[in-house]
Amino acid sequence: MDIKLAKTLSTILHPVILPLIFGILILKMPIYPFSLINPKAFIIFIIALFILTYLLPIIIIYLMYKFSVINSFELKDKKERILPLLAYSIILYLTTIIFKQWNLPMIWNLSLLLMTLIVILTLFISTYFKISIHLAGWGGLVGLIIFLTYEYNVNYIAYLSIALFLSSIIAWARAKTGMHNNIEIISGFFLGLTTITLGLFFI
């Protein structure tokens, strides 16, 4: 039962949903100039982001599985991660280029670039060490919320608490399914956390 629950949580909380959460948290901040964003424009933004960073990667992973490029959707072998991560990093980078034409706040474009960097870093690290991709993503979300709370003085403490709680849940799930050990989980979380926070604070 615990294994089934852990697998379900790993699927629901897969990091492929995080660009959508990043976009919502940034563009819905209740401060100027974010508060001036037209609601219809925001909906179009979310739809485009969903197609580019969620639907498209899922289709590509399915095709990789269909044509035996990968043996499973779980990517148990660290070598199997290379092509999916490479494809996703390219998708994120192209998404950054596309949204750069939309005149969105700079913080969004930079966050998307840093998400791309996290994927690239996990790609290179995965050739030697099976770092947790899930926790790298969720650590990045925690880093983003810390930055937004400090830099823009928005009250995102509740969101930070939720992000930390969900990070702990996904950490348990990844360990329970046997996909990662504690070192792989912790290193993944801190890779995402430090990449986003240092990138946003110092770039």
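No value in this document is a laboratory result; all are computed from the given coordinates. A quick note: this is a predicted structure, and the numbers were derived from the prediction, not measured. A quick note on method: Cβ atoms are made from the backbone with ideal geometry, for glycine too, and the neighbour counts reach across all protein chains shown.
Quick one: 3J(HN,Hα) in Hz for region 84-99, Karplus 6.51/-1.76/1.60 with θ = phi - 60°, rounded, Gly and Pro as x.
Result, rounded to whole Hz: x, 5, 4, 4, 5, 5, 5, 4, 5, 5, 5, 5, 4, 5, 4, 6.
If you average the alpha carbon positions of region 170-203 and of region 5-74, how far apart do those two centres end up, in angstrom?
One Cα centre to the other: 19 Å.
What Kirkwood Rh does the chain have if only Cα atoms enter the pairwise 1/r average? Answer in Å. Please report the intermediate quantities before stating the final value.
Details: mean 1/r = 0.0577 Å⁻¹.
Its Kirkwood hydrodynamic radius stands at 17.3 Å.
Where nothing but the Cβ of Lys and Arg (+1) and of Asp and Glu (-1) is charged, how large is the charge dipole of region 30-131 around its Cα centre, in debye to the nearest 20? Let's see the in-between values first.
Working: 8 positive and 3 negative charges, 17 e Å.
So the magnitude is around 80 debye.
Name the residue, out of 133, 145, 58, whose mean-square fluctuation peaks in a Gaussian network model built on the chain with Cα pairs under 10 Å.
58
If r is the Cβ-Cβ distance from residue 77 to residue 165 and R0 is 45 Å, what FRET efficiency results, to the nearest 0.05?
Details: r = 30 Å, r/R0 = 0.68.
Working from the Cβ atoms, E equals 0.90.
List the pairs from 28/78; 28/79; 66/176; 4/66; 100/176 whose alpha-carbon separation is above 32 Å, in the order I gave them. Don't jump to the answer; show the numbers that get you there.
Values: 28/78 37 Å; 28/79 38 Å; 66/176 27 Å; 4/66 24 Å; 100/176 40 Å.
Violating the 32 Å Cα-Cα cut-off are 28/78; 28/79; 100/176.
Relative to a virtual label point 7 Å from the Cα of residue 59 in the Cα→beta-carbon direction, which members of region 87-109 show backbone nitrogen distances below 15 Å?
88, 91-92, 95
What FRET efficiency would be calculated for the residue pair residue 37, residue 158, taking the C-beta separation as r and a Förster radius of 25 Å, to the nearest 0.05? Walk me through the intermediate numbers first.
On the way: r = 22 Å, r/R0 = 0.87.
Efficiency for this residue pair is about 0.70.
Give me the dipole magnitude in Debye, nearest 20, for the chain about the Cα centre, with unit charges on the beta carbon: positive for Lys and Arg, negative for Asp and Glu.
Details: 13 positive and 6 negative charges, 67 e Å.
That gives the chain a dipole magnitude of about 320 debye.
Suppose only helical runs count, i.e. DSSP H with n ≥ 4. What mean residue ellipticity at 222 nm does that imply for the chain under -39500 (n - 2.57) per run, divided by all residues and rounded to the nearest 500 deg cm²/dmol? Write out the running numbers ahead of the final one.
Numbers: 9 runs with 143 residues, N = 203.
After summing the helix terms and dividing by the residues of the chain, the value is -23500 deg cm²/dmol.
Counting other Cβ atoms within 10 Å, keep those with at most 10, restrict to DSSP loop, and tell me which chymotrypsin sites (Phe, Trp or Tyr not before Pro) in region 14-105 are left.
Working: sites: 22, 34, 42, 45, 50, 54, 62, 65, 67, 73, 88, 93, 99, 102; in loops: 67, 73, 102.
Hits after loop and neighbour filter: 67.
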